[in-house]
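Chemist: Please read through the structure below; I'll follow up with questions.
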């Protein structure tokens with residue numbers, strides 16, 4: 001039997017975002033309509049977060065988050081707080097890369113512009129991103145559980161993939177991707193150090209950019225546009241690694257790879273991990289990968305053969321896109337199937353026990369990457385998380 005995991009990622013995980021409780025949802029609408037104050041909204045957020053923390057504890061989740069209940073979109077709190085970044089509410093879609101699955105869907109829907117961020121000056125982190133949110137979260141758990149709390153954030157590549165090397169930053173400010181990502185990395189390093197000083201030991205990058213590389217439409221589109229697939233993939237791996245340079249000892253970092261989780265559970269990309277697995281699994285300086293594996297569009301477990309011996313794969317086998325509850329027996333079979341592939345086909349091969357010890361289970365994505373959330377109820381959400389915990393107990397013989 002594989003031993004219990006004493007540090008994140010735990011056997012039973014979730015990606016971070018949770019459905020907004022109805023009281024908070026209504027209060028946010030009133031705030032945006034100018035019918036309540038910022039203080040009243042914060043009080044509603046505080047009350048809702050206290051409840052979702054308690055619910056996570058009740059179902060047995062250990063890597064607790066605040067459900068991202070203070071955010072409208074999962075990526076908020078980084079680029080909007082950096083000096084040198086300018087928000088553009090209506091940037092023409094002609095200034096986005098048309099082959100990115102997200103952009104091609106907007107184009108097909110007849111949209112002509114979309115909000116984005118453009119780098120107009122030297123990047124500097126002049127204020128914390130998530131310190132206040134983390135401090136509020138840690139006040140809700142026992143001292144011994146603070147180290148397990150998880151902070152989620154978007155990757156440094158988030159806006160770059162949309163616009164490419166020519167339209168992400170003012171070319172009179174940065175002459176190259178390397179200069180741009182170097183300054184971004186300094187900002188991420190500072191944030192990570194500050195979170196560590198506050199007691200944070202668990203960070204997750206939510207990254208859709210890697211799964212977009214898995215989509216044949218993007219691959220062919222890049223080729224047609226003359227953009228270098230390998231250069232961009234290598235650049236994004238290096239960008240994240242630079243953010244983690246000299247990260248504190250004991251800080252667990254994971255990367256969640258997603259194919260899209262917009263309003264109503266909409267996805268953007270399709271395709272298995274085979275195109276990127278070797279480079280990403282072996283090249284990224286992270287501890288774990290949260291992998292979307294709830295449907296056939298994510299491909300099979302074959303690419304897990306590249307999982308290094310010192311890293312963990314969190315299998316996202318439970319969908320957040322529909323209320324239908326998965327079969328526990330089917331989930332257990334899939335976990336053992338993944339362990340078998342890692343054991344027999346892994347580079348290097350390893351014992352089945354070792355392979356199983358490198359696995360955990362979770363939903364494939366958050367329940368509400370955007371404010372509106374996915375098409376299921378809060379009851380459905382907690383039943384799915386309880387299923388994740390119960391499945392972990394039966395596979396690994398641990399509480400979570």
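Chemist: Rounded if a/c is under 1.5, else prolate if a/b is larger than b/c, else oblate: which is the stretch 1-94, with a ≥ b ≥ c the root eigenvalues of its Cα gyration tensor?
Modeler: Numbers: a/c = 2.86, a/b = 1.45, b/c = 1.97.
It comes out oblate by the Cα gyration axes.
Chemist: Using a Gaussian network model of the chain with C-alpha springs under 10 Å, which one of 172, 351, 22 is most mobile by mean-square fluctuation?
Modeler: Looking only at 172, 351, 22, the largest GNM fluctuation is found for 172.
Chemist: Quote to one decimal, in nm, the extra length available between residue 347 and residue 327 on full extension: 0.36 nm per residue of separation minus the C-alpha distance between them.
Modeler: Numbers: separation 20, 0.36 × 20 = 7.20 nm, distance 3.09 nm.
Stretched fully, the residue 347-residue 327 segment lengthens by 4.1 nm.
Chemist: Please give the FRET efficiency for residue 197 paired with residue 112, using the beta carbon to beta carbon distance and R0 = 60 Å, rounded to the nearest 0.05.
Modeler: Working: r = 45 Å, r/R0 = 0.75.
Efficiency at R0 = 60 Å is approximately 0.85.
Chemist: For a quick protection proxy, order the peptides 58-70, 31-43 by their average other-Cβ count within 10 Å, most packed first. Let's see the in-between values first.
Modeler: Numbers: 58-70: 23.0, 31-43: 11.8.
Output ranking for 58-70, 31-43: 58-70, 31-43.
Chemist: On the principal axes of its Cα set, how long, how wide and how thick is the stretch 182-249? Give whole Å, largest value first.
Modeler: For the stretch 182-249, the Cα extents along the three principal axes come out at 47, 20, 16 Å.
Chemist: Nearest 500 deg cm²/dmol is fine: what mean residue ellipticity at 222 nm does the chain get from its DSSP H runs of n ≥ 4 alone, each adding -39,500 (n - 2.57), divided by its residue count? Before the final figure, lay out the partial values.
Modeler: Values: 13 runs with 157 residues, N = 400.
So the helix-based figure for the chain works out to -12000 deg cm²/dmol.
Chemist: Now for a different question. For the residue pair residue 354 and residue 230, what label-to-label distance in nm results when each label sits 7 Å from Cα along the Cα-to-beta-carbon direction?
Modeler: Each label point lies 7 Å from its Cα, and together they span 3.0 nm.
Chemist: Among 98, 323, 115, whose mean-square fluctuation peaks in a Gaussian network model of the chain (Cα, cutoff 10 Å)?
Modeler: 115
Chemist: Roughly what would the spin-label model give for residue 377 and residue 95, points 7 Å off Cα along C-beta, in nm?
Modeler: In this crude spin-label approximation the distance works out to 4.5 nm.
Chemist: Another question about this same structure. At a 10 angstrom cut-off on C-beta neighbours, averaged per residue, how do the peptides 198-208, 384-394 rank from highest to lowest? Walk me through the intermediate numbers first.
Modeler: Values: 198-208: 22.8, 384-394: 20.7.
In decreasing order of mean packing, 198-208, 384-394 become 198-208, 384-394.
Chemist: Full-extension gain between residue 310 and residue 176, please, as 0.36 nm times their residue separation minus the C-alpha to C-alpha distance. Walk me through the numbers on the way to the answer.
Modeler: On the way: separation 134, 0.36 × 134 = 48.24 nm, distance 3.33 nm.
The span from residue 310 to residue 176 would gain 44.9 nm if fully extended.
Chemist: Same structure, new question: Rounded, prolate or oblate: which fits the stretch 208-290, taking a ≥ b ≥ c as square roots of the Cα gyration tensor eigenvalues, rounded meaning a/c under 1.5, else prolate when a/b beats b/c? If you can, show how the numbers build up before the last one.
Modeler: Numbers: a/c = 2.34, a/b = 1.40, b/c = 1.67.
The shape class here is oblate.
Chemist: Most mobile of 319, 295, 252 per a Gaussian network model of the chain (Cα springs, under 10 Å)?
Modeler: 295
Chemist: How many angstrom lie between the Cα centre of the stretch 152-210 and the Cα centre of the stretch 227-296?
Modeler: Result: 14 Å between the Cα centres.
Read the figures in this text as sums done on the coordinates, not as results from a lab. If you're wondering where the values come from, they're calculated on a predicted model, not measured in any experiment. A quick note on method: Cβ atoms are made from the backbone with ideal geometry, for glycine too, and the neighbour counts reach across all protein chains shown.
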